[in-house]
Structures are given as structure tokens and as C-alpha cells.
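Have a look at the structure below, then the notes.
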Ligand code: B1M
């Protein structure tokens, strides 16, 4: 029988197959998919973050953990997203240029989708040009930007300025998030909103759409 602590440990040690098996077995036991994400997968990735920072884990190991976590997320995604079907708004979401971190961004997208909004996920390392093109093409209600590095945060400001230069700023709300980002930073760069985590991002999008 799997439990959340074992699942977290499998993420930490980057055991992709084991993570999948444990997620499947927790689901078979009737555990809530969101609880599996929060108490198993994210708990494990939090430990990875602490060890990475302390120099006790290196990039290849962190990548294995990240892949394991993503494998687990893939299994629960349809279950969470099935909760609501009808779109209540359109979001273009991506990680900014120079930044390859996508786990948190994907989690945000997954929960926003489960909240009934359509998400166009542009992936990682997305240039300002590509974001602007997506705003023109998809006409989203919200542009959601993620950054995990202090060095890539300024790209968010650049995108907002670019929207202004192109006369598109009034057509779309911009929300930002990611570990180094703060509410103060959002206010400084003129974003319309900031969310510290995936759950808050859903609430923020729903508030904007109401
Ligand atoms: Co990177 N990395 N990393 N990394 N990595 C961090 C971010 C770091 C804090 C680690 C550390 O030193 N403690 C540090 C950044 C320091 C800084 O700038 N302040 C760091 C570094 C330095 C680097 C490299 C430069 C390392 C190197 O090469 N020397 C390099 C940069 C590569 C690049 O992007 N160009 C790098 C590489 C990598 C990997 C590729 C190995 C891997 C990413 C794999 C992947 O994403 N596919 C990786 C990982 C996994 C991490 C840590 C360990 C975990 C990130 C994660 O997935 N967390 C991370 C340490 C940490 O965060 N503790 C670290 C789990 C995820 C669920 O949380 O992403 O925070 P998070 O998302 C949350 C919230 O932030 C929020 O909601 C999410 C869910 O609640 N959120 C939003 C995120 N986006 C949002 C958008 C919103 C709203 C909320 O609205 C739009």
C-alpha cells in the first residue's frame, strides 16, 4: 500500500516508474487527486529544492526528480481537469524567455483548467514576441506568466511594456507568479495580479473573469 511519504521519497530519489505506480495505487485506494499532488508530489519536490540549494543534489538528479513529478502529474491531470468542462475564459500561459522551469507552471495550468477555464500552454523559454503573437492570435482574457529565476523575472516587465507599445495592454489582463515573484514586484511592473501558488492562481483568474 502506497502512502504520501513514500511517494514524496520516490520524487526525491527520481524513481519515475515507482512514482507512477504509487500514484496509481493511491488513486485505486480512493485518495483525492489534488491531495496526492499537494501531500506527495509537491512535498517531495520541496525537499529537492532545499537539497539543491544546499548543494546536496545536482542538476541531473533534480531533473530525474522533475521528470518523476511530471509523470505523476500526467496521471492525475485528467482526473482533476474532468471536474468542470465548460470554458469560463481563455488563458495564455507560459514560462518566460531564458527560463526552463515548467512543473509549477504546468500545475497552475492544470488547476486553472480544472476550474473551467481554457488554457493555451505555450511551454517554457517563451519570447516576448511569441507571447505577443499569442495574444493577437488567441485573444485571451488573461496572459499568465511564470518565472522561477531572479534573472528571468525582468522578462515579465518587458512583456507588459511590449503589450503597451503594441496597443494591446487594455485587451488582456496580465498575472504573474513563480517562487521569486512577489505581490510588490507585480505592482512595480504594472501586472494586474499575482498568485503565490496554483490554488491562488485559480481564484485570481476566477475573480478577474467574474
Ligand atoms: Co532550478 N532553480 N535551475 N531547475 N529549480 C530553482 C528555481 C532554485 C530556487 C534552486 C535553488 O537554488 N534553491 C534556483 C533559482 C535561484 C534564483 O534565481 N532565485 C534554480 C537554479 C539556480 C537553476 C539553474 C540556474 C541551475 C544551474 O543550471 N546551475 C538552472 C536554470 C535553467 C533555466 O531555467 N534556464 C536550473 C535548472 C533546473 C532543472 C532543469 C534541473 C529543474 C527544472 C525542471 C523542470 O521544471 N522541468 C529545476 C528544478 C526542478 C528546480 C527546483 C528544485 C524545483 C522547482 C519546482 O518545480 N518546484 C527549484 C527549487 C525550488 O523551487 N524550491 C529550482 C515545484 C513547483 C510545484 O513549484 O515551480 O515554485 P514552483 O511553482 C509554484 C509557485 O511558484 C507558483 O505555483 C506553483 C505551484 O504551487 N507558480 C505560479 C509558478 N508559476 C506561477 C504562475 C502563476 C501563479 C503561480 O501565475 C501566472
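Just so it is clear, none of the values below were taken in a lab; they were calculated from the coordinates. These numbers come from a predicted model, not from an experiment. Positions of Cβ are backbone-derived with ideal geometry, glycine not excepted, and every protein chain shown enters the neighbour counts.
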Problem - Among (1) surrounded by 17 or more Cβ atoms within 10 Å (Cβ to Cβ); (2) more than 15 Å from the ligand (Cβ to nearest atom); (3) not in a loop (DSSP other than H, G, I, E, B), the one test that residue 131 misses - result: (2)
Practice task
Mind listing whichever residues of segment 22-37 are buried (at least 16 other Cβ atoms within 10 Å of the Cβ) and either over 17 Å from residue 107 (Cα atoms) or out of contact with any helix residue (DSSP H, G or I) (no Cβ under 9 Å at 6 or more places or on another chain) (or both)?
Solution key: 22, 26, 27, 31
Exercise for the section: Scan segment 92-127 residue by residue and report those that are farther than 24 Å from residue 44 by Cα and part of a strand (DSSP E or B). Expected result: 92, 93, 96, 118, 119, 120, 121, 126
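Mind listing whichever residues of segment 166-192 are assigned to a strand (DSSP E or B) and either more than 8 Å from the ligand (Cβ to nearest atom) or in contact (Cβ under 8 Å) with a residue 40 or more places away in the chain (or both)?
Of everything in segment 166-192, those that are assigned to a strand (DSSP E or B) and either more than 8 Å from the ligand (Cβ to nearest atom) or in contact (Cβ under 8 Å) with a residue 40 or more places away in the chain (or both) turn out to be 173, 174, 177.
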Handout entry: Yes/no for residue 199 being in contact with a helix residue (DSSP H, G or I) (Cβ under 9 Å, 6 or more places away or on another chain), near the ligand (Cβ under 10 Å from one of its atoms) and over 19 Å from residue 99 (Cβ atoms)
Key = yes
